[in-house]
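Visitor: Starting off with a structure, shown below.
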Ligand SMILES: Cc1ncc(COP(=O)(O)O)c(C=O)c1O
């Protein structure tokens, strides 16, 4: 960023900090015990994050007395907002009866029945404790079923934090090679280089270069995994032709297709595969299906998932908290309430938000984009069409960070990367308030946008 922009950002940080002495004091304590004062890198921002006191419905309340309209919803996991009354009641009722049993119980198969009834790709499902575990197990199932080891993922695709998925998530484009020969780049220090030897990376929405990799490596590839809408990369939507092409080619070459629906599971009551009309072999789920409590799930074709049936004795899958009673109670109450009408409602709020953003861009004469579909969108400081990770990487990401912190000072909380997710707890007035604040923020940022991204104004 140029000097003037850094000064502008610094001024926002000063305004932010001046109004948050309690968060500052808590941060000073927290760094004594937690590296960086937090326990999750994605929630860290400078000068220090606002510490939250509680959440209710569409709003969070920080320890300094600010009320924040929450467009982040714990990274899209809170489909009904905070402390959804039916979910709270279900958890309270369950916790008095115990939290976990090391034995099966009714709510597990009840939530299983609900998910299998809704997601077309699910014949059988297993629960775990995070989206990370869900994708890890989906890949393991694919390896066990096919007897092959390699995995194809997309550049920019995020599937959690296991080694093979910490590959080319947010790579430096100057090091990533050409689209027809993408280099696999470890996302973090400590990721096993040996594990990455099993990973092949393809460009999202690029039929030719994706099919080439599948064809050339099919004899060694167990599965291809995609986020049907690439979320953390910037809500990049898929071309239906690309989805169709990878479905046909993977099926023809004995490669299983996994849709990571950890985020997109909310796009319809049957996720993104129902929305786009594509049937993957396996899916992973997480976020909303646990009603705000840690969760993951994976499942799919009966002939694949049957390997987990201990009566057949093939696959071990355990976990102390798999299918624990609190998650099952919260998940069941939440998902029961996330019916067709609820899904339509959040998607309508999403459309209102997207259209509102487009009007703001037009009124302020900023030539920028909004990506996304359904109830999740992303502001992007670029005027180019966004079709893959590299298009987002070429946008001015730092401007989204300025927008984020400025919005916090105006009572709106989204994600630093520019994501806004709707919840059923929001009203149209809430969405309009959020838009009003985005308008005010962008209007003030115009001189900075002109410096950092002159092509947009
Ligand atoms: C598409 C996708 N898959 C997997 C994960 C990992 O889920 P978790 O954070 O619950 O491990 C995420 C998390 O954001 C995700 O967005």
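The values are calculated or read from the model by the stated rules, or taken from the named source; none is laboratory data. Please read all numbers here as calculations on a predicted model, not as lab measurements. Cβ: placed from backbone, ideal geometry, glycine included. Neighbour counts: every protein chain shown.
Visitor: Anything in the stretch 216-246 that is in contact with a helix residue (DSSP H, G or I) (Cβ under 6 Å, 6 or more places away or on another chain) and in a loop (DSSP other than H, G, I, E, B)? List them, or say none.
Guide: Of everything in the stretch 216-246, those that are in contact with a helix residue (DSSP H, G or I) (Cβ under 6 Å, 6 or more places away or on another chain) and in a loop (DSSP other than H, G, I, E, B) turn out to be 228, 229, 233, 234.
Visitor: Would you mention how many residues in the stretch 335-360 are touching a helix residue (DSSP H, G or I) at 6+ places or on another chain (Cβ under 8 Å) and assigned to a helix (DSSP H, G or I)?
Guide: 11
Visitor: Sticking with this structure for a sec: Is there a residue in the stretch 381-393 that is part of a helix (DSSP H, G or I), assigned by TED's automatic domain parsing to the domain that holds residue 15, within 19 Å of residue 352 (Cα to Cα) and touching a helix residue (DSSP H, G or I) at 6+ places or on another chain (Cβ under 6 Å)?
Guide: no
Visitor: Right, here's the next one. Within the stretch 210-244, count every residue that is surrounded by fewer than 22 Cβ atoms within 10 Å (Cβ to Cβ) and at positive phi.
Guide: The number of residues fulfilling the criteria is 0.
Visitor: While we're here: Scanning the stretch 348-361 for residues that are under 18 Å from residue 267 (Cα atoms) and in contact (Cβ under 8 Å) with a residue 60 or more places away in the chain, which turns out surrounded by the most Cβ atoms within 10 Å (Cβ to Cβ)?
Guide: Checking each candidate, the answer is 353.
Visitor: Residues in the stretch 126-147 that are surrounded by 20 or more Cβ atoms within 10 Å (Cβ to Cβ) and away from the ligand (no atom under 16 Å from the Cβ): how many?
Guide: Number satisfying all stated conditions: 1.
Visitor: State the number of residues belonging to the stretch 289-317 that are surrounded by fewer than 24 Cβ atoms within 10 Å (Cβ to Cβ) and within 13 Å of the ligand (Cβ to nearest atom).
Guide: Number of matching residues: 2.
Visitor: Scan the stretch 242-257 and tell me whether some residue there is assigned by TED's automatic domain parsing to the domain that holds residue 136, within 16 Å of the ligand (Cβ to nearest atom), in contact (Cβ under 8 Å) with a residue 24 or more places away in the chain and within 15 Å of the chain's Cα centre (by Cα).
Guide: No, there is no match, as no residue in the stretch 242-257 is assigned by TED's automatic domain parsing to the domain that holds residue 136, within 16 Å of the ligand (Cβ to nearest atom), in contact (Cβ under 8 Å) with a residue 24 or more places away in the chain and within 15 Å of the chain's Cα centre (by Cα).
Visitor: Still on this structure, please answer the following. Considering only helices (runs of 4 or more DSSP H) fully contained in the stretch 8-97, which possess at least 1 residues that are within 16 Å of the ligand (Cβ to nearest atom) and surrounded by 13 or more Cβ atoms within 10 Å (Cβ to Cβ)?
Guide: The qualifying helices (runs of 4 or more DSSP H) are 73-76.
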